[in-house]
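Step one of this worksheet: look at the structure below.
The values are calculated or read from the model by the stated rules, or taken from the named source; none is laboratory data. If you're wondering where the values come from, they're calculated on a predicted model, not measured in any experiment. All Cβ positions, even for glycine, are placed from backbone atoms using ideal geometry, and neighbour counts span all protein chains on display.
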Amino acid sequence: MAAIQLFDAIVLGAGGAGLMCAATAGQRGRRVVVLDHSPEPGRKIVISGGGRCNFTNLHTAPDRYLSANPHFAKSALGRYTPADFLALVERHGIAWHEKTLGQLFCDGSARQIVAMLLDECAAGGVMQSLGAPITDVEHGDGFRVTQGGRVFAAPALVVATGGPSIPKLGATGFAYELARRFGLKVVEPRPALVPLTLPGDEALFRDLAGVAAPVVARAGKASFAEAALFTHRGLSGPAILQVSSYWRHGEAIGVDFLPDAAPGWLLAAKRARPRASLRTVLGGALPERLAVVLAERLAIGELAGAKDAALTAAAQALADWRFLPNGTEGFAKAEVTVGGIATAGLSSQTMAARHLPGLYAIGEAVDVTGWLGGYNFQWAWASGWAAGGAIGRGG
Ligand code: FDA
């Protein structure tokens, strides 16, 4: 039998949360090992933000996260802020810029963020064991993890294996399996920040694949003013990805195609240009192909030929166009997972399991999911930092 290697903490998962946690604990003098079945750490970081990693958002606030307990993320987000992460980025000399809506990206490459986290881990003497499957996780007198013939033991185990979004990047539901095994509940995981699919009877819209427009999209009480994009399968683009996190099967989403239009704009257009068609009027504000489809669906031609009531109804429909998606493109295309390890079993201060001393869960594995735009990495950093600062304190 292989010799058992002893540590103060075993971190499962070398993603953003796991690396941040390991570096923080290591730099506090804890002996830490990070295990991952993938041979490459931080794979999602590398491909994130189109290869430039949208590493945080200046507008980070708890109300930009979904969770069964909306208060849970407050403590960690409040104690490790975007400014803290930015200070780290700047200490490592990584050039960055704000793109839009508070979203911060690397000027160069997302690989710089991975290199920074690995440097921080090295500064804390963190050991890594990557590229072999984890075959066993036991709890007795502390935790014992077997990975490809090597056995690691520690009084603390950090579950940082993320959610099941994008399996081809090594994502699995392992965190949920472990959580259940150790008595933690799991809030039903769903794909989020994911394109929505439209049924066959919406073929007119699916024919618009590639057309994008600035809209306000709504699902339930959530609404987002960003671009929507038509795809061969349905709807995507930032506005749709954002509402997908709130969308539930069987519900419609609403899309305002003309968010800047003044009340009564279509009646005013009729008075000003009675001979113009709806298609022409819409074409002044929207991509031509979209204008054609919307006018066809509303069955309105020349404005003068339409009753005022019909035009008022058309304007209302354009301000709240109802799409009834028949699904999402699933975990294969989802940027994140809504749901996960239930926060009720965790300390919001330390991410430690309440009932099992030494067990922690951080990052996307936990039922905390951010909006699009750097919020999910900020949660990974903040929750990793909270756990890394607590390991070995009995927290
Ligand atoms: P993460 O998934 O990063 O890491 C988990 C680690 O655990 C992985 O290394 C994995 O290999 C390992 N693992 C999984 N199962 C295992 C098992 N059974 N055994 C051993 N190891 C296992 N967010 C953001 O804020 N800004 C952005 O720009 C983007 N962009 C983006 C693009 C794309 C395409 C995706 C898919 C996602 C994003 N995100 C994002 C979301 C962001 O990537 C995500 O929220 C974080 O990476 C979550 O970090 P974690 O460390 O929790 O999990």
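Can you tell me which residue within region 227-242, out of those that are touching a residue at least 40 places away in the same chain (Cβ under 8 Å) and touching a strand residue (DSSP E or B) at 6+ places or on another chain (Cβ under 8 Å), is surrounded by the fewest Cβ atoms within 10 Å (Cβ to Cβ)? Steps first, please.
First pass over region 227-242, keeping only residues touching a residue at least 40 places away in the same chain (Cβ under 8 Å): 230, 233-236, 238, 240-242.
Filter once more, keeping what is touching a strand residue (DSSP E or B) at 6+ places or on another chain (Cβ under 8 Å): 230, 233-236, 238, 240, 242.
Details: F230: 25, R233: 18, G234: 23, L235: 27, S236: 22, P238: 22, I240: 29, Q242: 22.
Per the stated criteria, the residue is R233.
Kindly indicate which of G162, G131, G210 is crowded, with 17+ Cβ neighbours inside 10 Å and touching a residue at least 12 places away in the same chain (Cβ under 8 Å). Before you say what the answer is, go through the steps one by one.
Values: G131 fails: crowded, with 17+ Cβ neighbours inside 10 Å; G210 fails: crowded, with 17+ Cβ neighbours inside 10 Å.
Every option except G162 fails the conditions.
Condition test on L157, is it touching a Phe, Trp or Tyr at 6+ places or on another chain (Cβ under 6 Å) and in contact (Cβ under 8 Å) with a residue 40 or more places away in the chain? Even if it seems obvious, please write down each step before you answer.
On the way: touching a Phe, Trp or Tyr at 6+ places or on another chain (Cβ under 6 Å): yes; in contact (Cβ under 8 Å) with a residue 40 or more places away in the chain: yes.
Criteria met by L157.
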Test set (1) closer than 22 Å to E177 by Cβ; (2) within 13 Å of the ligand (Cβ to nearest atom); (3) out of contact with any Pro (no Cβ under 9 Å at 6 or more places or on another chain) - S67 fails condition number: (2)
Hits in region 15-55 (condition: part of a strand (DSSP E or B) and more than 8 Å from the ligand (Cβ to nearest atom)): V32, V33, V34
Extreme residue, nearest to the ligand (Cβ to nearest atom), among residues of region 1-14 that are surrounded by fewer than 24 Cβ atoms within 10 Å (Cβ to Cβ) and in a strand (DSSP E or B): Q5
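Specify which of the listed residues (C21, C53) is among the hydrophobic types (A, V, I, L, M, F, W, C), modelled with pLDDT of 95 or more and over 30 Å from P155 (Cα atoms). Quick ask: steps written out before the conclusion?
Numbers: C21 fails: over 30 Å from P155 (Cα atoms).
Checking each option against the conditions leaves just C53.
Name the residues in region 334-370 that are near the ligand (Cβ under 9 Å from one of its atoms) and in a loop (DSSP other than H, G, I, E, B), would you? Spell out how you get there, then give the answer.
Taking region 334-370 and keeping what is near the ligand (Cβ under 9 Å from one of its atoms), we get 334-337, 362-366, 369-370.
A334, E335, I362, listed by residue number.
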Restricting region 21-56 to residues that are of a type in the set (A, V, I, L, M) and within 18 Å of the chain's Cα centre (by Cα), the residue that is surrounded by the fewest Cβ atoms within 10 Å (Cβ to Cβ): I47
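Condition check: assigned by TED's automatic domain parsing to the domain that holds A386 and surrounded by fewer than 23 Cβ atoms within 10 Å (Cβ to Cβ). Does R180 satisfy that?
Values: assigned by TED's automatic domain parsing to the domain that holds A386: yes; surrounded by fewer than 23 Cβ atoms within 10 Å (Cβ to Cβ): yes.
It is true that R180 is assigned by TED's automatic domain parsing to the domain that holds A386 and surrounded by fewer than 23 Cβ atoms within 10 Å (Cβ to Cβ).
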Tally, over region 274-300, of residues that are outside any helix (DSSP H, G or I) and surrounded by 15 or more Cβ atoms within 10 Å (Cβ to Cβ): 6
Top-ranked residue in region 136-192 [being of a type in the set (D, E) and closer than 15 Å to E364 by Cα; ranked as farthest from the ligand (Cβ to nearest atom)]: E188
Pick from region 121-135, criterion in a strand (DSSP E or B) and over 15 Å from F7 (Cα atoms), ranking: nearest to the ligand (Cβ to nearest atom): I134
Of residues in region 329-349 being polar (S, T, N, Q) and buried (at least 21 other Cβ atoms within 10 Å of the Cβ), the one farthest from G163 (Cα to Cα): T343
